[in-house]
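The values are calculated or read from the model by the stated rules, or taken from the named source; none is laboratory data. Values in this document were obtained by computation on a predicted structure and should not be read as measured data. When we count neighbours, we look across all protein chains shown, and the Cβ atoms used for this are built from the backbone with ideal geometry, even at glycine. Ligands, DNA and RNA are excluded from the accessible area calculation, which covers all protein heavy atoms including side chains. Shrake-Rupley method; radii C 1.70, N 1.55, O 1.52, S 1.80 Å.
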Amino acid sequence: MTFTAGMTRRSLLAGLAAGTVLTGLPRRAAAQEVTLRWWSPQGAPAQVEAYKFQIAAFEALNPGIKVLFETTSDEGYAPQLAAAFASGEVPDIVTHLPSFSVQTYYSNGLVEPFDDVIAAIGADDYYPGANDVFRTADGKYCGTGIGNTAANMLWLRRDLMEAAGVAQAPRTWDELRAACQAMQGGGIFGAPLPYGQNSMTSLIFIGFIHQAGGQVFTPDLQVAIDNEGTRNALEFYKSMRELCPPGATNYSWGESLTAFVSGATATGIYAGRVLANVTEQNPAIADSVTCTVYPTISADVTPWTFNDFPSVFIPAQSKNKDAAKAFAAFLFNPEGYIKQLHAAPGHVLPVLKSINENPAYKANAIIEKFPAEVELMANAAAGGFNLGFESAGHKSNDKAGEVIASNAIADLVQRVVLNGEDVDASIGTCSKAIEDIMKA
């Protein structure tokens, strides 16, 4: 267990007695007061309440340490962190960023190795392979997952399906388009796909490329987006535009989520936050909501679930690394971790086997109401991928974060789908932009 600023032997023993997971971290004796800055783009009110509980519990065991929580945003964290790294005024711990961003930061020397924190949490308690996406080129780990997400599930309303004569959940793109066409009408659109110049469009469209049997990179990280899968994905994505609300040209995560939850669209594409939001904001449709893995071009193509592997990592420039590591490990202490997971039940799924099996985790109204959906998302997320880890056969891509931040893939979607530009030329422009990033 880390001996950090303000910690006494009594607090160490109290922490162990309380079941903390801090054993094995390096010892450090210090007397000065320490303030840890914690950044996260996940700042919904229920989540912040859970964070406050974890902070208070940690501070009670460590009187010399204070933790200050600060929110970023899904679209804004990259420039915020860039400014922090440039100035040296970095947060001490960052959570809920996608794994590929952490890999990029680590490759640039901006992130502290996380191996000792994983050991303190208990490497054997993770699901098999859970930390593979955080393994770096030098064999170390750049962070760990604070949870799993199945970010591109297909959300459906059984009531609208029944009314439209849609007998079962779509398995292929043709079935999905037909279902959306059948359910669209009366002010309800078929789907809330994003077409904006933003990360959601890039990340979701990468899923469509894989759902068409394509890939962005070869397993050895050569740019391979110029393939038939990408062309088929663009064609299908274009065919879906008329089934999406007019505002979808600017949709990002929040707008897409709200469109389904509000009842404006018959289907949705999002992670498990849908369950809590529908229950709280639109309970009239809650009993009709369900999900499945997103369809593929044909039944011969295996579904590809986008898991951004929400992370925990520590900037290398932190002046309080030992305290930050102690707090990072403490985030997985069962009572606080379960409260954090319950703040967005089904959205952020546990990465530790012991937590998933804990009766306290399962004792949640959303998880109890939607057990099949939560179980499906958990299984899909566990076998999920992202641009930094496209398949089990791919090398880890530490430039994936830069590719997403460039909006090169979102630009490809807009060129072809919204502007009607030549497909081959647009793919060529996108491919070159990605190649330039990889060579830089």
- Query: If we keep just the residues of the range 279-302 that are in contact with a Gly (Cβ under 9 Å, 6 or more places away or on another chain) and open to solvent by less than 50 Å² (accessible area, probe 1.4 Å), which is nearest to Gly384 (Cα to Cα)?
  - Reply: Tyr294
- Which ones in the range 180-199 are hydrophobic (A, V, I, L, M, F, W, C) and open to solvent by less than 10 Å² (accessible area, probe 1.4 Å)? Cys180, Ala191, Leu193
- Item | helices (runs of 4 or more DSSP H) within the range 225-304 that include 3 or more residues over 20 Å from the mean Cα position of the chain (by Cα) | 228-239, 273-281
- Residues (among the small types (Gly, Ala, Ser) and either open to solvent by 20 Å² or more (accessible area, probe 1.4 Å) or within 12 Å of Ile434 (Cβ to Cβ) (or both)) located in the range 200-226: Ser202, Gly213, Ala224
- Looking only at the range 370-386, decide whether some residue is of a type in the set (Asp, Glu) and closer than 18 Å to Val312 by Cα. no
- With respect to Pro91, is the statement that it is at pLDDT 95 or above and surrounded by 21 or more Cβ atoms within 10 Å (Cβ to Cβ) true? yes
- Query: Since Ala372 meets every condition but one in (1) open to solvent by less than 20 Å² (accessible area, probe 1.4 Å); (2) touching a strand residue (DSSP E or B) at 6+ places or on another chain (Cβ under 8 Å), which condition does it not meet?
  - Reply: (1)
- Filtering the range 384-440 down to residues that are open to solvent by less than 10 Å² (accessible area, probe 1.4 Å) and over 22 Å from Arg231 (Cα atoms) yields Gly384, Asn397
- Item | Hey, Lys353 in contact with an Asp or Glu (Cβ under 9 Å, 6 or more places away or on another chain), among the charged types (D, E, K, R) and closer than 24 Å to Asn62 by Cβ or not | no
